[in-house]
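The values are calculated or read from the model by the stated rules, or taken from the named source; none is laboratory data. Computed from a prediction, not measured in an experiment: that's the story for all the values here. FYI the Cβ positions are ideal-geometry reconstructions off the backbone, even for glycines, and counts take in every protein chain you see. Only protein heavy atoms, including side chains, enter the accessible area calculation; ligands, DNA and RNA are left aside. Shrake-Rupley method; radii C 1.70, N 1.55, O 1.52, S 1.80 Å.
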Amino acid sequence: MPTDAQRNLKTRKILFGSLLTLICIVLVYAALLRDRPWVVPEEVKRLKNPIATTESTLKPAKEIYTEECAQCHGEQGKGDGPEARLHFPAPADLTDTQRMKVVTDGEIFYQISEGREPMPSFKKRLTEDQRWELVILVRSFSARSAPPAAEKKPDAVGKTAAPAKD
Ligand code: HEC
């Protein structure tokens with residue numbers, strides 16, 4: 001016959017075991033949630049940004065970013081906004097070149113448009129052009145050394161560089 005003390009010990013062992021199992025499940029779940037890949041349709045992945053990269057597209061994008069994104073993603077896109085710590089998974093570091101060079105413009109456009117808990121969807125709140133401008137801005141965070149192309153003069157649009165014949 002097991003004594004009370006033995007029975008108590010057994011109960012405690014079982015409780016401790018269950019607690020450990022629970023902790024492991026939570027950790028694995030958290031790890032999976034953090035590394036869950038974005039599933040972006042192939043045709044969206046291949047989309048080209050219809051907006052040209054100029055100072056005039058970056059400026060409005062910067063304003064929208066400060067209003068709508070910086071609280072989570074941080075002013076410089078480092079994922080260190082004041083609200084970042086409240087979220088799980090946390091917003092990624094958008095200045096990480098290694099990470100950003102493997103995602104296409106189409107994928108970033110999709111991420112901004114659709115969102116994913118806890119990031120909201122911006123499909124309804126922003127126009128397509130605004131979202132594409134944000135793609136350029138997001139890109140600029142990981143490409144500090146590559147400034148946006150110089151502003152094109154309106155009269156240069158559509159003209160070729162070839163000298164006119166006389
Ligand atoms: C409420 C906080 C929040 C806001 C606001 C927010 N995001 Fe996010 N964003 C996140 C989180 C958290 C993730 C990671 C989601 C995941 O991996 O499941 C994310 C993911 C992303 C990603 C994909 C890279 C990554 O972190 O995995 C991009 C790009 C992005 N956000 C851009 C934006 C832009 C641009 C805006 C503003 C228009 C914005 N976000 C607004 C929280 C936010």
*asked:* For the pairs LYS48/LYS101; LYS78/LYS101; LYS45/LYS123; LYS59/LYS101; LYS48/LYS123, flag any whose C-alpha to C-alpha distance is greater than 21 Å.
replied: LYS59/LYS101
_Axial C-alpha extent at least 20 Å, average Kyte-Doolittle at least 0.0 - helices from the chain (DSSP)_ = 4-34
_Between TRP38 and ARG12, what's the calculated FRET efficiency when r is the beta-carbon distance and R0 is 45 Å? Round to 0.05._
0.55
*Can you work out the accessible area per residue across the chain, with the rest of the protein chains kept in place, probe 1.4 Å, in square angstrom?*
73
*Within the range 29-51, which residues have the backbone N less than 16 Å from the label spot 7 Å out from LYS123 along Cα→beta-carbon, could you tell me?*
39-45
*What residue among GLU55, GLU114, GLU43 shows peak mean-square fluctuation when the chain is described by a Gaussian network model with Cα springs under 10 Å?*
GLU43
*Once the Cβ-Cβ distance between ARG116 and ILE23 is put in as r, and R0 is 25 Å, what FRET efficiency do you end up with, to the nearest 0.05?*
0.45
*Take the Cα atoms of the chain, build their convex hull, and give its volume per residue in Å³.*
176
_Multiplying the sequence separation of ALA84 and LYS101 by 0.36 nm and subtracting their Cα-Cα distance, what value in nm do you get?_
3.8 nm
*Rank ASP129, ASP35, ASP105 by mean-square fluctuation in a GNM of the chain with C-alpha springs under 10 angstrom and give only the top-ranked residue.*
ASP35
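On the accessible surface of the range 42-142, probed at 1.4 Å, how many percent belong to carbon and sulfur atoms? Mind showing how you got there, number by number?
Numbers: 3010 of 5790 Å².
Roughly 52 percent, rounded to a whole number.
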*asked:* Cut-off 10 angstrom, C-alpha nodes, Gaussian network model of the chain. Which of ARG12, ARG125, ARG36 fluctuates the most?
replied: ARG12
